[in-house]
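Input: a single structure, listed below in structure tokens.
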Amino acid sequence: MRPLRVMALGLALFPIACGDPAAPVVEPGGIALVGGQLIDGTGSEPVADSVVVIRDGRIASAGSRAETPVPAGAEVIDVAGKTLMPGLVNLHVHYRGDAENIARLFRTQLYYGVTTGRSIGSDSPEAVAFLLEANAGRPGFPRAYTAGLGFSHPNGFNAAGRNAPVTEEEGRELVRQQVALGVHFIKMWVTEMSEPGLQITPEMRTAIIDEAITNGAVPVAHIDGEAEARQLMEAGLRDFLHTTVLTFGPGGGAPVEDPTPSPEFLQMALDHNVAFTPTLSIVQNGWHFAEHPELLDDPALRAAFNPDALARWDDPATREAVVEAPDFEDRKAAFRQMQDFVKTIHDAGIQVALGNDAGTANVPFGWGMHHEMEMYVEAGLTPMQAIVAATATGAAQMPPVGQADFGTLEAGKVADLVVLNADPLADIRNTLEIDQVMRLGEWVARVLP
Ligand SMILES: [Zn+2]
């Protein structure tokens, strides 16, 4: 699509014709997507018959056909009957392997309209360097953010191959090393898991948060309890992954006795303007394909899936073992509590973003983002609210926090967008009915990896 940009720039050199002096000057050229339903990601009402003009990689204008002129010389694309929404923003992914493998995951993401990903705690220095290239806007790549290697207790959750400092001074030094690589975030796993006493200590958390903020990185934590979340908020952290009712037992989870967040906790989260990325897929995908093996007939999903995990779910014996396990109903009850948590904090006005732990075995890149949105709607959010969570709210968490120039389809924002063949407001699963994906104002060549 590069020639289109050249054409737009060429036309921009032509003198602008003088008509009605009161009319706004419309720069000629660009791409005009005309006649589609516009969901701009801000949560405002959809615009039924819209015009979205794209020029030089950004949205030049967007709105109703009546109020949004099509520039002279623009390439007009009829999108009547289709829906436009911002490119999706996944706040919780784990890219793995070398640059070649990450590039393959990038292609999967873009195929499914996920134009931004935040890799949160498993990146080697080499992976960080590659992700920073994508962050800078390399054509054909999604936008990527990274937390480098995360932090855990020396014998705690996910400590192997991570930063696992023993002293606070060591913790601070390791944060500075990550920041020197150029990471955007500093990630901590603050989780009890099955063994008590192996949780990263409150003093260490405070040191890591302080050092991250001092050095211009954004701290973010994996949590599973309210007490930890309160302490982290007091120490200055504003970005949480998972929920306060996350439990991992030997079988993968059991309901907790009192799952409802306390009113004090909700108020504290509001006062501190925190965001949650509850990450439902990592739990529910532990059985979803056992209950719905027909999903595995979809060649695109198969291509997105981790091959080893796909082979397991293809095996009827695996599926049967999962749904007939004695703790299966407990796992589902625990998951229902997590969905209730999403609905409760969203209704309380707390920022809820979307991220799914893509890159873990059972959570496919790309496809998994749409499935996470579907689970938000099952939790009680409207399709529009799920889309806002998956676009603008996620974008707002990226540094500089609250100042994203992407994530919505508004004038001036980066032209990362998805054209859908069906209306996601009628059924959120229609976000999978993708016609085209645009990244940085250029159509993505959608190829399965
Ligand atoms: Zn994760």
> If you scan the stretch 225-244, which residues turn out to be part of a loop (DSSP other than H, G, I, E, B), buried (at least 24 other Cβ atoms within 10 Å of the Cβ) and either without any contact (Cβ under 8 Å) to a residue 24 or more places away in the chain or away from the ligand (no atom under 16 Å from the Cβ) (or both)?
Replying inline: Leu237, Thr244
> Going through the stretch 312-327 one residue at a time, which ones are surrounded by 10 or more Cβ atoms within 10 Å (Cβ to Cβ) and more than 19 Å from Asp297 (Cβ to Cβ)?
Replying inline: Ala321, Ala325, Asp327
> Restricting the search to the stretch 125-150, which residues are in a loop (DSSP other than H, G, I, E, B) and within 16 Å of the ligand (Cβ to nearest atom)?
Replying inline: Gly150
>> Looking only at the stretch 141-167, count every residue that is of a type in the set (Lys, Arg) and surrounded by 23 or more Cβ atoms within 10 Å (Cβ to Cβ) and tell me the total.
In response: 1
> Assuming Ala32 fulfils every condition listed in (1) out of contact with any strand residue (DSSP E or B) (no Cβ under 6 Å at 6 or more places or on another chain); (2) crowded, with 16+ Cβ neighbours inside 10 Å; (3) of a type in the set (A, V, I, L, M, F, W, C) apart from one, which condition is it?
Replying inline: (1)
> Could you count how many residues in the stretch 354-375 are surrounded by fewer than 24 Cβ atoms within 10 Å (Cβ to Cβ) and within 13 Å of the ligand (Cβ to nearest atom)?
Replying inline: 4
>> Anything in the stretch 37-49 that is surrounded by fewer than 24 Cβ atoms within 10 Å (Cβ to Cβ) and either outside any loop (DSSP other than H, G, I, E, B) or of a type in the set (A, V, I, L, M, F, W, C) (or both)? List them, or say none.
In response: Gln37, Val47, Ala48, Asp49
> Looking only at the stretch 281-300, which residues are within 21 Å of Met338 (Cα to Cα), in contact with a Leu (Cβ under 9 Å, 6 or more places away or on another chain) and modelled with pLDDT of 95 or more?
Replying inline: His288, Phe289
>> When you scan the stretch 188-206, do you find a residue that is over 21 Å from Val401 (Cβ atoms), at pLDDT 95 or above, buried (at least 20 other Cβ atoms within 10 Å of the Cβ) and over 23 Å from the mean Cα position of the chain (by Cα), even just one?
In response: yes
> If you check Phe106, Phe157, which single one turns out to be among the aromatic types (Phe, Trp, Tyr) and part of a helix (DSSP H, G or I)?
Replying inline: Phe106
> Where residues in the stretch 105-124 are within 14 Å of the ligand (Cβ to nearest atom) and not charged (D, E, K, R), which of them is farthest from the chain's Cα centre (by Cα)?
Replying inline: Ser122
>> Just to check your reading of the model, which residue among Ala309, Ala303 is out of contact with any strand residue (DSSP E or B) (no Cβ under 7 Å at 6 or more places or on another chain), modelled with pLDDT of 95 or more and within 16 Å of the ligand (Cβ to nearest atom)?
In response: Ala309
> Only one of (1) under 25 Å from Asp330 (Cα atoms); (2) over 24 Å from the mean Cα position of the chain (by Cα) fails for Thr279. Which number is that?
Replying inline: (2)
> For the stretch 196-224, what are the residues that are closer than 22 Å to Leu246 by Cα, more than 16 Å from the ligand (Cβ to nearest atom) and part of a loop (DSSP other than H, G, I, E, B)?
Replying inline: Pro196, Gly197, Leu198, Gln199, Thr201
> Does at least one position in the stretch 82-104 carry a residue that is within 16 Å of the ligand (Cβ to nearest atom), within 27 Å of His222 (Cα to Cα) and hydroxyl-bearing (Ser, Thr, Tyr)?
Replying inline: yes
> Any residue in the stretch 181-191 that is assigned to a loop (DSSP other than H, G, I, E, B) and under 30 Å from Gly253 (Cβ atoms)?
Replying inline: yes
> Filtering the stretch 50-92 down to residues that are in contact (Cβ under 8 Å) with a residue 40 or more places away in the chain and hydroxyl-bearing (Ser, Thr, Tyr), which residue is surrounded by the fewest Cβ atoms within 10 Å (Cβ to Cβ)?
Replying inline: Ser61
>> When the residues of the stretch 380-393 are narrowed to those that are within 15 Å of Gly355 (Cα to Cα) and not β-branched (Val, Ile, Thr), which ends up surrounded by the fewest Cβ atoms within 10 Å (Cβ to Cβ)?
In response: Gln385
> Given Val283, Val183, which one is surrounded by 18 or more Cβ atoms within 10 Å (Cβ to Cβ) and touching a Ser or Thr at 6+ places or on another chain (Cβ under 6 Å)?
Replying inline: Val183
> Got a sec? Which of Ala445, Ala389, Ala426, Ala422 is in contact with a strand residue (DSSP E or B) (Cβ under 7 Å, 6 or more places away or on another chain) and either in a loop (DSSP other than H, G, I, E, B) or in the same structural domain as His370 (by TED's automatic domain parsing) (or both)?
Replying inline: Ala389
> Has the stretch 161-174 got at least one residue that is of a type in the set (Val, Ile, Thr) and assigned to a loop (DSSP other than H, G, I, E, B)?
Replying inline: yes
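The values are calculated or read from the model by the stated rules, or taken from the named source; none is laboratory data. Fair warning: this is a prediction, and the values are worked out from it, not measured in the lab. Heads up, the Cβs are rebuilt from the backbone with ideal geometry, glycines too, and the neighbour counts pull from every protein chain shown.
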